[in-house]
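*Asks:* The structure that follows is given in the form of structure tokens.
The values are calculated or read from the model by the stated rules, or taken from the named source; none is laboratory data. Please read all numbers here as calculations on a predicted model, not as lab measurements. Backbone-built Cβ (ideal geometry, glycine too); neighbour counts: all protein chains shown. The accessibility values were calculated without ligands, DNA or RNA, using every heavy atom of the protein model including side chains. Shrake-Rupley method; radii C 1.70, N 1.55, O 1.52, S 1.80 Å.
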Amino acid sequence: MSISAQDRTLIEACQGGLPFVPEPYAAIAEKTGMDEAEVIDRLAALKERGIVRRIGIAPNHYKLGMTANGMTVWDVCDDAVQELGPLVGAMEAVTHCYIRPRALPIWPYNLFAMVHGASRDEVEAKRAVIAELLGDACRASDILYSTAILKKTGLRLKKGAS
Amino acid sequence: MMLDDTDRAIINALQEGFPLASRPYAQAAERLGLSEADLLSRLTAMKEAGVITRFGPFFDAAAMGGAFCLCAIAVPEDRFDEVNDAVNAFPEVAHNYKRTHRLNMWFVLATETEDGIGAAAREIEAATGLTVYLFPKLREFFIGFRVAA
């Protein structure tokens, strides 16, 4: 792992999130034995390196009325998926899009596109647009709605691992 | 919890770009036209109500030399709670969702090394007696994350 022991200590101290106090970095510093300026500098450097992707809120889609969250999945011919995938990913309705391996026989799908909406009707309408775009290159598809968030945390480093 | 327009503005404004400074809430509050105390109390209330699942830095395991992998398990409905507890007990499980399919539990493993994915999956299989299907990303076309609040 390409991070220093101090960065690791800092990540462990931050992974539960920042406290809602006026000086949150000072509070984190207290947990690590660093001073506030070092915490701020190290986080800035980690952000520069892309190890910190962003600093801010992870909202709960459900509580914000985005109650329909459909993982649309598609069995797209291998010779077409590299060309069609980027077009699906570029659609405004799609928040994440990946090619992943199939797991036959239980799972024939190789293209995954996440669609969010305020209702299942809205998600289905967006799914129909994707289906049209994929056309005959798509042999089968399904949609998996999420019905519960079972866990949602940031990265958790194991204590004491090297 | 009923969110008012100010709460919604906070959610939209603070998904990224939280300041790295000694009094970051004061800075963020000023940009929103709020007092530091008001912002802190609203954030605290939204966190307690579950509107905010987390607040702070989001780390990228892959950028640290680690790995992510989407995984799924077909959990018998009568074992769902038990398996959920077992799976969520693993610190490598970052998100977990129940979904409408025979593969009804979908979670993301985040580990510090590539090898950690397979190792964690085998441990989860041992703990649950169920097959863990691995769906690593072969190619990513887009990741966007912006909620209309």
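*Asks:* Tally the residues that are under 17 Å from the mean Cα position of the chain (by Cα) and not aliphatic (A, V, I, L, M), restricting the search to the range A:68-127.
*Replies:* Qualifying residue count, the range A:68-127: 13.
*Asks:* Return the total of residues in the range B:71-92 being open to solvent by less than 60 Å² (accessible area, probe 1.4 Å), part of a loop (DSSP other than H, G, I, E, B) and either among the aliphatic types (A, V, I, L, M) or within 23 Å of residue B:111 (Cα to Cα) (or both).
*Replies:* 5
*Asks:* Pull up the range A:2-30, narrow it to residues that are out of contact with any helix residue (DSSP H, G or I) (no Cβ under 6 Å at 6 or more places or on another chain) and more than 10 Å from chain B (Cβ to nearest Cβ), then point me to the one that is most open to solvent (accessible area, probe 1.4 Å).
*Replies:* Only one residue fits best here, namely A:30.
*Asks:* Does residue A:7 count as assigned to a helix (DSSP H, G or I) and at pLDDT 95 or above?
*Replies:* Taking the combined requirement at face value, the residue does not satisfy it.
*Asks:* Pull up the range A:128-140, narrow it to residues that are open to solvent by 50 Å² or more (accessible area, probe 1.4 Å) and in contact (Cβ under 8 Å) with a residue 12 or more places away in the chain, then point me to the one that is nearest to residue A:84 (Cα to Cα).
*Replies:* Checked the range A:128-140; the qualifying residue nearest to residue A:84 (Cα to Cα) is A:133.
*Asks:* Next up: Show the residue pairs meeting these rules: Cβ distance below 8 Å; 6+ apart or different chains; first residue within the range A:34-57 and under 25 Å from residue B:53 (Cα atoms) and within 8 Å of chain B (Cβ to nearest Cβ); second residue acidic (Asp, Glu) and part of a helix (DSSP H, G or I).
*Replies:* That search, which allows pairs on different chains as well, returns A:46/A:7; A:51/A:7.
*Asks:* May I pose another question? Taking residue B:124 as meeting all but one of (1) surrounded by 17 or more Cβ atoms within 10 Å (Cβ to Cβ); (2) modelled with pLDDT under 95; (3) more than 10 Å from every other protein chain (Cβ to nearest Cβ), write down the number of the exception.
*Replies:* Of everything listed in (1) surrounded by 17 or more Cβ atoms within 10 Å (Cβ to Cβ); (2) modelled with pLDDT under 95; (3) more than 10 Å from every other protein chain (Cβ to nearest Cβ), residue B:124 misses just condition (2).
*Asks:* I would also like to ask the following. Which one is farthest from the other protein chains (Cβ to nearest Cβ), of the residues in the range A:85-98 that are open to solvent by 10 Å² or more (accessible area, probe 1.4 Å) and either within 16 Å of residue B:106 (Cβ to Cβ) or not in a loop (DSSP other than H, G, I, E, B) (or both)?
*Replies:* Filtering the range A:85-98 for residues that are open to solvent by 10 Å² or more (accessible area, probe 1.4 Å) and either within 16 Å of residue B:106 (Cβ to Cβ) or not in a loop (DSSP other than H, G, I, E, B) (or both), the one farthest from the other protein chains (Cβ to nearest Cβ) comes out as A:87.
*Asks:* Just checking, how many residues over the range A:141-162 are modelled with pLDDT of 90 or more and either open to solvent by less than 30 Å² (accessible area, probe 1.4 Å) or in a helix (DSSP H, G or I) (or both)?
*Replies:* Number satisfying all stated conditions: 3.
*Asks:* Considering (1) polar (S, T, N, Q); (2) more than 7 Å from chain A (Cβ to nearest Cβ); (3) without any contact (Cβ under 8 Å) to a residue 12 or more places away in the chain, say which one residue B:53 fails and leave the rest.
*Replies:* Here residue B:53 clears every test but (2).
*Asks:* I would also like to ask the following. Got a sec? Which of B:56, B:33, B:50 is under 19 Å from the mean Cα position of the chain (by Cα), open to solvent by 10 Å² or more (accessible area, probe 1.4 Å) and at positive phi?
*Replies:* B:50
*Asks:* Please go through the range B:93-117 and give me each residue that is at the interface with chain A (Cβ under 9 Å from one of its Cβ atoms), open to solvent by 60 Å² or more (accessible area, probe 1.4 Å) and farther than 18 Å from residue A:62 by Cβ, ordered by number.
*Replies:* Those that are at the interface with chain A (Cβ under 9 Å from one of its Cβ atoms), open to solvent by 60 Å² or more (accessible area, probe 1.4 Å) and farther than 18 Å from residue A:62 by Cβ: B:102, B:113.
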